[in-house]
Amino acid sequence: MSTDEQDGIEALLDDAENAVHDGAPEEAIEICDRVHRLAPNHPGAWFVRGDALRTLGMIADASECYRAAALARPDHASSWASHALTALELLSVEDAERSAFRAIREEPRSPEGWWVLGLIREWGSDDAGAQRAFLHARWLDPRGYPLPPKLSDDDVEDIVADCLRSLHPDIRDYLQNVAILLEEVPTEEVLRGYEPPASPLDMLGYFSGTSLMDRSSEDPWSNLPPTIVLYRRNLQRAAQSRAELVEQLSITVFHEIGHFLGLSEEDLERRGLD
C-alpha cells in the first residue's frame, strides 16, 4: 500500500472517530466499511467500528470487532481492554479477564486495562483486588480514571428517607411493605433475567415483585411483599461529584418506585427518570 493510500485511510478513520464522538455512529460504520474495502483487516477500522456499535448498544457485535482489532494488531492494548470491557458486559467473565491481562501485558501503563481489571474483580467480589487495580489506573491517569465519590449506608438511608417524604401520603402507605435494600453489584441471576442479559455495569436499581397495577385477589402470589434493590458500586460510578451522586440515587429510587406503581420504562423516561 502506497503512502498516499495509507494517508487516505488514516484520514477516513479520523472522520469515523469524529462521527462517533459527534453522535453519528451509523456514519462511522459506513466510513469503516470504506476502509475495509481498501484494507480488509485494518485494526483501526475494526476498533472504531466497535466504538460505533457499542454506542448503538450492540455490545456483542462491538465485542467481536474489538477482538478482531486485537488479533489484527496484538500489541494494541486498547483493543484488548475494550474487548475485556464488552466481554464483561456480556457476562463472559473468563474471556474478559484474559483480555484485561493481555492489555496490561502489552502495555503495563495502560490505565484502561487496569480499570477494566478492577471492574472484573469488583463484580467477582474481590474488593481488595478491585481497589488495587482502580488505584493503579488512577495513578496512571488521575483525570481519566478518578475514584468515584463514596456512598455510605447512612447516605443511602437519608436520601431514601428524603425521597419517601416527598411522595404523596397515599403512595407512602403503599410503600410501607416494600423492602428497600442496598447491595454492592447486581447478581448474575438478576442480570440473566433480562433478554439479552443486562450489563453488570449499568444496572443502578432493580424492582422485584408484582406492581400495584398487576396485583390480583385471585393470585395470592401477586400479593407477596415486593423489593427494591439499589446497587452501590454502579451508583458511585454513575456520578462525578457528591451532588451528582445524591441526584442519581434519588432518580434511581423514584425510578424503581415507578415500577412498583406500574409505570413502564417509557412512562419513566417521559418523567425524566430514565
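The values are calculated or read from the model by the stated rules, or taken from the named source; none is laboratory data. Computed from a prediction, not measured in an experiment: that's the story for all the values here. As a convention, Cβ positions derive from the backbone with ideal geometry for all residues, glycine included, and neighbour counts pool all protein chains shown. Heavy atoms of the whole protein, side chains included, go into the accessibility calculation; ligands, DNA and RNA do not. Shrake-Rupley method; radii C 1.70, N 1.55, O 1.52, S 1.80 Å.
Within the stretch 119-128, take every residue that is surrounded by fewer than 18 Cβ atoms within 10 Å (Cβ to Cβ) and closer than 19 Å to S92 by Cα and give me the one that is modelled with the highest pLDDT. Give the steps one after another, and end with the answer.
Looking only at the stretch 119-128, we keep the residues that are surrounded by fewer than 18 Cβ atoms within 10 Å (Cβ to Cβ), and these are 124-128.
Still in the running and closer than 19 Å to S92 by Cα: 124-126.
Details: G124: 90, S125: 89, D126: 93.
Selected residue: D126.
For R143, the stated conditions do not hold, so it cannot be described as open to solvent by 40 Å² or more (accessible area, probe 1.4 Å) and either in contact with a Leu (Cβ under 9 Å, 6 or more places away or on another chain) or within 18 Å of T227 (Cβ to Cβ) (or both).
Just checking, does the stretch 34-41 include any residue being within 21 Å of R102 (Cβ to Cβ) and either of a type outside the set (D, E, K, R) or open to solvent by 60 Å² or more (accessible area, probe 1.4 Å) (or both)? Quick ask: steps written out before the conclusion?
Initially, the stretch 34-41 is screened for residues within 21 Å of R102 (Cβ to Cβ), giving 41.
Retained after the next criterion (residues that are either of a type outside the set (D, E, K, R) or open to solvent by 60 Å² or more (accessible area, probe 1.4 Å) (or both)): 41.
There is at least one residue in the stretch 34-41 that is within 21 Å of R102 (Cβ to Cβ) and either of a type outside the set (D, E, K, R) or open to solvent by 60 Å² or more (accessible area, probe 1.4 Å) (or both).
Select, from A60, A81, A68, the only residue that is open to solvent by less than 10 Å² (accessible area, probe 1.4 Å) and either on the phi < 0 side of the Ramachandran plot or within 18 Å of the chain's Cα centre (by Cα) (or both). I'd like the intermediate steps shown before the answer.
Numbers: A60 fails: open to solvent by less than 10 Å² (accessible area, probe 1.4 Å); A68 fails: open to solvent by less than 10 Å² (accessible area, probe 1.4 Å).
Just a single option satisfies the conditions, and that option is A81.
Candidates are the residues of the stretch 131-178 that are among the aliphatic types (A, V, I, L, M) and over 25 Å from the mean Cα position of the chain (by Cα); the one that is farthest from N234 (Cα to Cα) is I171. Do you know which residues across the stretch 50-85 are under 15 Å from V20 (Cβ atoms) and either hydroxyl-bearing (S, T, Y) or outside any helix (DSSP H, G or I) (or both)? Scanning the stretch 50-85 gives T55, L56, G57, M58, Y66, S78, S82.
Can you find a residue that is more than 30 Å from D61 (Cβ to Cβ), open to solvent by 30 Å² or more (accessible area, probe 1.4 Å), modelled with pLDDT under 90 and in a strand (DSSP E or B) anywhere in the stretch 210-223?
If we filter the stretch 210-223 for residues that are more than 30 Å from D61 (Cβ to Cβ), which is where we start, we get 210-223.
Narrowing further to those that are open to solvent by 30 Å² or more (accessible area, probe 1.4 Å): 210, 212-221, 223.
Filter again for modelled with pLDDT under 90, leaving 210, 212-221, 223.
From what is left, the residues that are in a strand (DSSP E or B) are 216, 219.
Yes, the stretch 210-223 has at least one match.
Annotation: L91 fulfils all but one of (1) on the phi > 0 side of the Ramachandran plot; (2) open to solvent by 40 Å² or more (accessible area, probe 1.4 Å); the unmet one is (2).
The residue pairs whose first member lies in the stretch 31-54 and is touching a residue at least 12 places away in the same chain (Cβ under 8 Å) and among the aromatic types (F, W, Y), whose second member is in a helix (DSSP H, G or I) and open to solvent by 20 Å² or more (accessible area, probe 1.4 Å), and whose beta carbons are closer than 6 Å, counting only pairs six or more residues apart or on different chains, are W46/A68.
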